[in-house]
Amino acid sequence: MYQDLEIHENTVRLIEEAEEKCRDQFKKIDRMIYKNSLKVLASFHKNEITESHFNATTGYGYSDLGRDGIEKVFADVLGAERALVRSQFISGSHALTVCFFALLRPGDLLLSISGKPYDTLDEVIGIEENPSSLKSFGISYDQIELVNNDFDYEKIEEYLKNHKVKVIEIQRSKGYSTRKSIGIEKVEKVISLIKKVDPNVIVMVDNCYCEMVEDKEPTEVGTDVMVGSLIKNLGGGIAPNGAYIAGRSDLIDLCAERLTLPGEGAEVGPTLGINKQILQGIFMAPSVVGSALKTAVLTSCVLENLGYDVEPSYQEDRVDIVQNIIFHDPKKLVSFTRGIQQGSPIDSNALVEAWDMPGYQDKVVMASGSFTQGSSIELSCDGPMREPYIAYMQGGLTYDYGKLGLMKAVDNLIHL
Ligand SMILES: *Cc1c(COP(=O)(O)O)cnc(C)c1O
């Protein structure tokens, strides 16, 4: 049977042995899928989602019943006052950018308390020069590093006492760094500290890859505004593009007026026929996130058994869907990533090479054999070509396809 996929028998054995060790983790993940499914179903009921919500608007997109229903569902699922869920957001990075420009004014100070933010934000903030950066508008930026994978609570308190900070950014998922991702308990703890020192600071969370992994979202523990991508967790592998911003109503208004225009805000924005896909996406999201998590746990176990450094380990509780394998070797990183591409449904015949990507400073090697371009809730793997050559693997629309993709990647690695 495996001959059709050109996978060696010893690889299959390795994976199946590891699978047995993952049973307890899988049970925990199943409970989370169930909890989140309950949340989603209840919000569909509460907001009386009907077939008419699937209708499309064009042009200005006034009175889009479906769009309004979707935004209520997202707000309820995320425990937020309001949400802005739009296909006019090009990506998660775009939604983060809109959020920054919506909340900050010349002379304001932006502070990151989780170290350097995601690579694509370098030029947005002005860490790398760009004539359209926040910096070019006179908005300053500072950052406080994490210590031992946790916030530097003392330094944050000290900083807030000595500076007038407008927005604090927290990035939960590790991005292309070697740190651990930040769990919801730590987010809650640091927010209560921040609000005690300065209740006016706006706390903004980059929640990419973290939705529906733990039983609470940042907006349920005091986050003012939170951002995520629809080609990651909450799109459920079905949303064709877009992103969301959720949080306090007054801040969502500001974000809407920056995305569209002052005076029209959230009341415009045609949906052009994607409402059904967005609704179906969030409906499937609990289960799809669960499949991605199981794929990540299995990957961690198999690669650890093979002697590689992995983060997190398969027994650890997870914060996001990302699995790191630290290869310390460019050839191994590329060969594993190639295998993920070969085990994907689309473009499986493509031979992956590292290349220069817009928004990133190092060359990046990337496997994305997905139905939606660049989707990383679908099985995907990427890594910057720099020490210590880490593969960031994530996604898997179903566990079985995730497992088969992993087999292909491990096979490639073993027979390098
Ligand atoms: C994916 C991701 C983003 C946004 O990425 P896009 O590719 O622009 O959607 C931002 N922050 C983190 C931590 C991410 O993982």
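The values are calculated or read from the model by the stated rules, or taken from the named source; none is laboratory data. Model, not experiment: these values are computed from the prediction. Quick reminder, even Gly has a Cβ in these numbers, built from the backbone with ideal geometry, and neighbours come from all protein chains shown. The protein model used for the area step is the full one, side chains on, heavy atoms only, and it has no ligands, DNA or RNA in it. Shrake-Rupley method; radii C 1.70, N 1.55, O 1.52, S 1.80 Å.
Taken over the stretch 319-364, residues that are in a loop (DSSP other than H, G, I, E, B) and at negative phi amount to 24. Summed over the stretch 179-216, residues that are without any contact (Cβ under 8 Å) to a residue 12 or more places away in the chain and either under 23 Å from Gly281 (Cβ atoms) or not acidic (Asp, Glu) (or both) total 3. For the stretch 214-254, taking the residues that are open to solvent by 10 Å² or more (accessible area, probe 1.4 Å) and among the hydrophobic types (A, V, I, L, M, F, W, C), the one that is farthest from the ligand (Cβ to nearest atom) is identified as Leu254. Leu406 meets all of the listed conditions (1) within 16 Å of the ligand (Cβ to nearest atom); (2) more than 20 Å from the chain's Cα centre (by Cα); (3) at pLDDT 95 or above but one, namely (1).
Taking the conditions exactly as written (open to solvent by less than 10 Å² (accessible area, probe 1.4 Å), part of a loop (DSSP other than H, G, I, E, B) and among the aliphatic types (A, V, I, L, M)), does Ala285 satisfy them or not? Criteria not met by Ala285. Considering only residues of the stretch 117-140 that are open to solvent by less than 30 Å² (accessible area, probe 1.4 Å) and without any contact (Cβ under 8 Å) to a residue 60 or more places away in the chain, which is farthest from the ligand (Cβ to nearest atom)? Looking at residues that are open to solvent by less than 30 Å² (accessible area, probe 1.4 Å) and without any contact (Cβ under 8 Å) to a residue 60 or more places away in the chain, I get Ile139.
Does Lys35 satisfy being within 14 Å of Phe283 (Cα to Cα), open to solvent by 70 Å² or more (accessible area, probe 1.4 Å), among the charged types (D, E, K, R) and part of a helix (DSSP H, G or I)? Against the criterion (within 14 Å of Phe283 (Cα to Cα), open to solvent by 70 Å² or more (accessible area, probe 1.4 Å), among the charged types (D, E, K, R) and part of a helix (DSSP H, G or I)), Lys35 qualifies. Has the stretch 101-109 got any residue that is more than 16 Å from the ligand (Cβ to nearest atom) and in a helix (DSSP H, G or I)? Yes; the residues of the stretch 101-109 include at least one that is more than 16 Å from the ligand (Cβ to nearest atom) and in a helix (DSSP H, G or I). The conditions of being closer than 27 Å to His415 by Cα and open to solvent by 10 Å² or more (accessible area, probe 1.4 Å) are met by Gly343. In the stretch 36-43 there is at least one residue that is touching a Lys or Arg at 6+ places or on another chain (Cβ under 9 Å) and under 17 Å from Asn275 (Cα atoms). Residues in the stretch 373-397 that are within 14 Å of the ligand (Cβ to nearest atom) and within 15 Å of the chain's Cα centre (by Cα): Gly374, Ser375, Ser376, Ile377, Glu378, Ser380, Cys381, Asp382, Tyr392, Met393, Gln394, Gly395. Scanning the stretch 294-339 for residues that are within 16 Å of Pro384 (Cβ to Cβ) and aliphatic (A, V, I, L, M), which turns out nearest to the ligand (Cβ to nearest atom)? Ranking the candidates gives Val322 first. Pairing each residue of the stretch 149-166 that is farther than 10 Å from Leu111 by Cβ with any residue that is open to solvent by less than 30 Å² (accessible area, probe 1.4 Å) and assigned to a helix (DSSP H, G or I), provided the two are 6+ apart or on different chains, yields C-beta distances under 7 Å for Phe151/Val190; Tyr153/Val190; Tyr153/Leu193; Glu157/Leu193. Candidates are the residues of the stretch 70-100 that are under 16 Å from the mean Cα position of the chain (by Cα) and of a type in the set (Val, Ile, Thr); the one that is farthest from the ligand (Cβ to nearest atom) is Val85.
Take Asp68 and decide whether it is acidic (Asp, Glu), open to solvent by 10 Å² or more (accessible area, probe 1.4 Å) and at pLDDT below 95. No: the conditions fail for Asp68.
Can you find a residue in the stretch 179-194 that is of a type outside the set (A, V, I, L, M, F, W, C), at pLDDT 95 or above and within 11 Å of the ligand (Cβ to nearest atom)? For the stretch 179-194, residues of a type outside the set (A, V, I, L, M, F, W, C), at pLDDT 95 or above and within 11 Å of the ligand (Cβ to nearest atom): present.
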